[in-house]
Amino acid sequence: MKNILKLTLLSVVFMAANIQAMDPKMFRGSIIDAQTIKGMAPEAPEDVNKHATTWLKDNPEFARTALGYQRLVGLTDEEKAQGLLSATRKTYDATQALILEKTGAKNMSDWNCAFRLPTNRKWVVKAAGVANIRQNVNRAAAHVKARLAGELDKELNPSLYYNYNAALTHEDYDRLKQNLEESQCDSEMVDGQAVVRKDAPKTFQTVSRMAYHLRLQEVIEQENLPLVLPAMHFVHIPGRPKAMSDRNYVILERHLKGLTEVSLITPEEDVAIKRAIEYSGLFGLNTGSLKRTKFGELAVLDLEQPNNSNPLAFFHKTLGTYNAYKGNYEAGLRDYDEHFKDAIKAGKEQRQRAENADKKAQRKLDEQQRKSEVQK
């Protein structure tokens, strides 16, 4: 609760310091940056953090290769000639899975890294897939290209310039590299020192999970919503700089046993889910990310920003004219309605049957009372 209250207060302070014309319903945490989220995140239990840190330290190939950032920057001349990252998404994700298997871990996700921590299987390590991080970089490049061309009004569409799986050319990457501020760039360790890499923009696809987690936890507690979240923590990758970015941290999430598909959603749960989506700006909620626990609760899982999010505008910030928060939560509501229309319908039908049964029972009771009064 302390962290959540601190997050709320910081949101208000940041908004006051950045007075601007905004939609009254604009997400109030939209200008919280990645370092702020890091400060708000709950610390992992000491023994759990030790297990995760030791495993990451013992498997440096995972951090170096499976997290994939060197595939975004350290290209051969042949790859540059072919166009940056022209391989398909499937190839990159399959490579990621193979690297994980070498460590004795099995990937549970089709699009990201998600595996039970081999040394403590009560926890799941999560990191964004290579292709998803690549989309973040594409988005940054699109923004830089639009800004240089004086066309930021075209930011209305997040997929401008670089569609899904499109490849940045070598010239695109040079343009991006030359127009990034140092604060927007990631760094690597050289002789024990963090050295900024102008060809490595920071991305926040993995760490966005924590931003959503904190916002959802906040609204669940404040409004007593009938939803639950698995415990979530950041784990720093040994040997990496401490600045918040996908290269330096992974997510550690509590594994929930006994989860089942959601076949029925009550009207009250329906209202709560939609409120949570709107409050957090959650862009997607499908049958893989909303489950029933063995206690009958609704659990929200797999929190992550859309992969076409601009890393130069972490967590719903708006660059140009595109309202990222509004676009995300409206997409989230559509996604939820599409995937759970049958469950929502089943909940309404169950409620109608219950109400009809209550009315029938009440009519019977009224009739018995009427007869009793007549007999008197």
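The values are calculated or read from the model by the stated rules, or taken from the named source; none is laboratory data. None of the values given here were measured: they were computed from a predicted structure. Note: ideal-geometry Cβ built from the backbone for every residue, glycine included; neighbour counts use all protein chains shown.
Per-structure values
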| quantity | calculated |
| --- | --- |
| Residue within region 79-97 that is among the hydrophobic types (A, V, I, L, M, F, W, C), farther than 25 Å from Asn328 by Cβ, surrounded by fewer than 20 Cβ atoms within 10 Å (Cβ to Cβ) and at pLDDT 75 or above present | no |
| Residues of region 290-304 classified as modelled with pLDDT of 90 or more and either among the basic types (Lys, Arg) or in a loop (DSSP other than H, G, I, E, B) (or both), total | 8 |
| Residues of region 33-56 classified as of a type outside the set (A, V, I, L, M, F, W, C) and touching a helix residue (DSSP H, G or I) at 6+ places or on another chain (Cβ under 9 Å), total | 6 |
| Which numbered condition Ser372 fails, given (1) more than 30 Å from Val144 (Cβ to Cβ); (2) touching an Asp or Glu at 6+ places or on another chain (Cβ under 6 Å); (3) among the hydroxyl-bearing types (Ser, Thr, Tyr) | (2) |
| Members of region 337-376 that are small (Gly, Ala, Ser) and free of Cβ contacts under 8 Å to residues at least 12 places away in the same chain | Ala354, Ala357, Ala361, Ser372 |
| Given (1) within 17 Å of the chain's Cα centre (by Cα); (2) surrounded by fewer than 16 Cβ atoms within 10 Å (Cβ to Cβ); (3) without any contact (Cβ under 8 Å) to a residue 40 or more places away in the chain, number of the condition Ser289 does not satisfy | (2) |
| Selected residue (only one of Val73, Val130, Val125 is under 22 Å from the mean Cα position of the chain (by Cα), of a type in the set (Val, Ile, Thr) and modelled with pLDDT under 90) | Val130 |
| Criterion (at pLDDT below 90, surrounded by 14 or more Cβ atoms within 10 Å (Cβ to Cβ) and assigned to a helix (DSSP H, G or I)) met by exactly one of Gly347, Gly327 | Gly327 |
